[in-house]
Amino acid sequence: MARFLLHNLSQEIPYGVSKVSILYALAKQSKNMGAYKMARHAFDKLQQLVIPRRFQQAIDLSSITIRSKPFQDKEELLPMCSKCSTTNPLLNQMGNQCINCQQPSCTHFMHL
């Protein structure tokens with residue numbers, strides 16, 4: 001869910017939605033699932049934001065410990081394009097679409 005929000009709310013965040021909360025949830029879940037590259041990216045983005053004091057120590061500790069993990073995501077976590085069968089990265093700079101054929105990816109919240 002956090003990955004979906006990050007892809008769809010990349011330009012402007014609506015009032016009341018905290019980008020810190022989205023990135024922290026994404027980082028924690030990525031770390032727990034073994035998507036270490038995505039967790040690193042989320043922790044790097046968090047370091048650029050103003051973090052509430054209650055999260056500061058946990059984020060600092062987690063961003064240090066994630067450096068000891070492999071620099072890649074688990075292969076079984078990577079989404080596959082339904083059109084061209086290309087394996088896509090979890091965080092895509094082009095948005096929520098295939099890097100090869102630009103087919104919009106279909107997010108199923110049932111699988112989360």
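Residue-wise HN-Hα couplings along the stretch 52-59, as the Karplus relation 6.51 cos²θ - 1.76 cosθ + 1.60 with θ = phi - 60° gives them from phi, are x, 4, 5, 9, 4, 5, 5, 5 Hz; Gly and Pro carry x.
The Cβ shell under 11 Å around SER63 holds other residues with a net charge of +2, Lys and Arg each +1, Asp and Glu each -1.
Would you kindly state how much longer the chain becomes between CYS84 and ILE13 on full extension, computed as 0.36 nm times their sequence separation minus their alpha carbon distance, in nm to one decimal?
On the way: separation 71, 0.36 × 71 = 25.56 nm, distance 3.18 nm.
Extra length from CYS84 to ILE13 when fully extended: 22.4 nm.
Between amide H atoms placed 1.01 Å from N, distances below 5 Å from CYS98 occur with GLN103, SER105, all of them 5 or more places distant or on a separate chain. Extending 7 Å from the Cα toward the beta-carbon at both VAL50 and MET94 defines two label points whose distance is 3.7 nm.
Report, to the nearest whole %, how much of the accessible area of the stretch 23-107 belongs to carbon and sulfur atoms, 1.4 Å probe, protein only. The C+S portion of the solvent-accessible surface of the stretch 23-107 is 51 percent.
A straight Cα-to-Cα reach below 24 Å connects LYS37 with the lysines LYS19, LYS28, LYS45, LYS69, LYS74, residues fewer than 8 places away in its own chain not being considered.
Note that the stretch 42-48 has calculated 3J(HN,Hα) couplings of 5, 5, 5, 5, 5, 5, 8 Hz, one per residue in order, obtained from phi through the Karplus relation 6.51 cos²θ - 1.76 cosθ + 1.60 (θ = phi - 60°); glycine and proline are x.
The values are calculated or read from the model by the stated rules, or taken from the named source; none is laboratory data. Quick caveat: nothing in here was measured; it's all calculated off a predicted structure. Note that we place each Cβ from the backbone using ideal geometry, even for glycine, and neighbour counts take in every protein chain shown. All accessible areas refer to the heavy atoms of the entire protein, side chains included, with ligands and DNA or RNA removed. Shrake-Rupley method; radii C 1.70, N 1.55, O 1.52, S 1.80 Å.
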